[in-house]
Structures are given as C-alpha cells and as structure tokens.
1. Going by C-beta contacts inside 10 Å, put 145, 38, 128 in order with the fewest on the left.
2. What is the distance, in nm, between label points placed 7 Å from the Cα along the Cα-to-Cβ direction at residue 61 and at residue 34?
3. Full extension from residue 44 to residue 123: what is 0.36 nm times the residue separation minus their Cα-Cα distance, to one decimal in nm?
4. With each pseudo-label sitting 7 Å past Cα toward Cβ, what's the residue 12-residue 155 distance in nm, one decimal?
5. What ranking of 154, 61 emerges when the number of other C-beta atoms within 10 Å of each C-beta is taken as an exposure proxy, fewest first?
C-alpha cells in the first residue's frame, strides 16, 4: 500500500510535503497551460501562497491535498485574468531526426485536437476531466477542490467525456487511453 499524502501541521512539515506535492501541482498546472515556464512559475507561486496562508489550513476542514490544489487552481485563474496566453509554434512541436516523425506528428495532431475539444468544455468540466484523467485524483478529492459533491463530479465527468467523444475524431484507442471511462 502506498504512503498516504502527507498532511503537514508545521512549516517544517510543509517543506517535506513540498517534495511530495511539487510534481503533482506542476503537472496540474502544466496540463492547463502547456507551457513549461509558466507552469513552473505558477507552481512556485502556489507554494509561496501556501507558506503565506499556512496558518489558515486546518485538517478539520479538508485534506492538505485539496487545499493545495485549490490554491493552484486559484493561482491559475488569477494568471489567466491578468495575462493573455501566447503560443510559440516552436515550443509546441520539437522534432528530432532520430524519431518516428510521421507517428509523432500524428500524435501531436491528435493531442491538439483533444486540447481544442477540452476548450469546448466549461471550466469546471475541464478541471474535473483533467484532475480525474491526468492528475489521477479520486472523485472525493476533486469534489473538495471544485466545491461540488462527489456524485455531481461523477455526473459532470461522464457528460464531459460523452461530449468529448462526439467532438473528437481521434482514434478510439487513443481516446480510450487518454480518457478511460472510470
């Protein structure tokens, strides 16, 4: 059985929890920004806010996992409110000569199609799908993060996946790998 997520009670323990949560929060933010530098900056901001507001955290009100994800989600929302997103085409596709270029290009096109389809979902639907599929969070944690019930999150997830499946022309195999019906 894996060790449960640490729930720090002191700033020193928060430092230890940082090692556990940093990769998770980084992935959470990277999947939403698709930019390494922005995800790194937002992850740093998330942990700075956690340190500043640590006195407000109470295990009686919820898990540390939910609390840190809420901070990350709010940090991302603040980022999009204050910054316009720009894309550099060279950052999106980087091909090296020793790779299977046609396969990589097709995979990149499929992922871009999936990203476009995800944009058609509202923010809550998109967050629930990403947290469930890519972040592998249980519905109970997702519910605490987005402020909905666990059963409501399951319904939202199911409807969002159905919507994505009707919009995406990606092969069934790729879609089933990316969005398992769990």
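The numbers here are math on the coordinates, done by the rules we state, and not lab data. Remember, predicted model here, so these are calculated numbers, not experimental data. Neighbour counts are summed over all protein chains in view; Cβ atoms, including those assigned to glycine, are modelled from backbone coordinates with ideal geometry.
1. Values: 145 26, 38 17, 128 29.
Least crowded to most crowded, the residues run 38, 145, 128.
2. 3.5
3. Details: separation 79, 0.36 × 79 = 28.44 nm, distance 2.25 nm.
This chain segment gains 26.2 nm when fully extended.
4. Between residue 12 and residue 155, the simple spin-label model gives 4.8 nm.
5. On the way: 154 17, 61 10.
Ranked by crowding around the Cβ, least crowded first: 61, 154.
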